[in-house]
Amino acid sequence: MAGEVRIPIRTDADVVTARRQGRELAAQAGFSATELTIIATAISEIARNIVMFAERGEVLVGLVGENRRQGVTVVARDAGPGIPDLEQAVRDGYSGYGGMGLGLPGSRRLMDEFEISSEVDKGTTVTMTKWRRDA
């Protein structure tokens, strides 16, 4: 990915850093203020999951281009416990910790493309892309 930032995630402060750096990179690609908020929120949710469930991981944010359109792709990886039931984990309202259940399903709704792979005892990777809407 061109124009790329990699943020190690261990603490809540790292979540804030990932959110800010992802937003800054997306701003360089010309996303609207509303789209920047959406991207930053999705990054925040996914990075927070790393802190809560895996203790450490990383978020990679990069600019992508495809068929004359521009976007931002976010890849969040961890080596945590993994997710035994992915289908349940991306269902609205499901929470693995008693929260509101907005993390994975919310991020999936906010972004244009969303993929998740997870292996128990090996970790989880979430890849999501938001494409810029041209006026």
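Coordinate-derived values only; no laboratory data. These numbers come from a predicted model, not from an experiment. Glycine gets a Cβ as well: all are built from the backbone with ideal geometry, and neighbour counts include every protein chain shown.
Between the beta carbons of THR37 and ASP121, assuming R0 = 35 Å, the FRET efficiency works out to 0.50 to the nearest 0.05.
Local charge sum around THR124 (other residues, Cβ-Cβ under 10 Å, Lys/Arg +1, Asp/Glu -1)?
Details: positive: ARG77, LYS122; negative: ASP78, GLU119.
My count for the surroundings of THR124 gives 0.
Consider the candidate values (1) 154; (2) 100; (3) 125; state which one is volume of the Cα convex hull per residue in Å³ computed from the structure displayed. Computed from these coordinates, volume of the Cα convex hull per residue in Å³ corresponds to label (2). Remark: the ASN67-ARG6 segment gains 19.4 nm on full extension, using 0.36 nm per residue and subtracting the alpha carbon distance.
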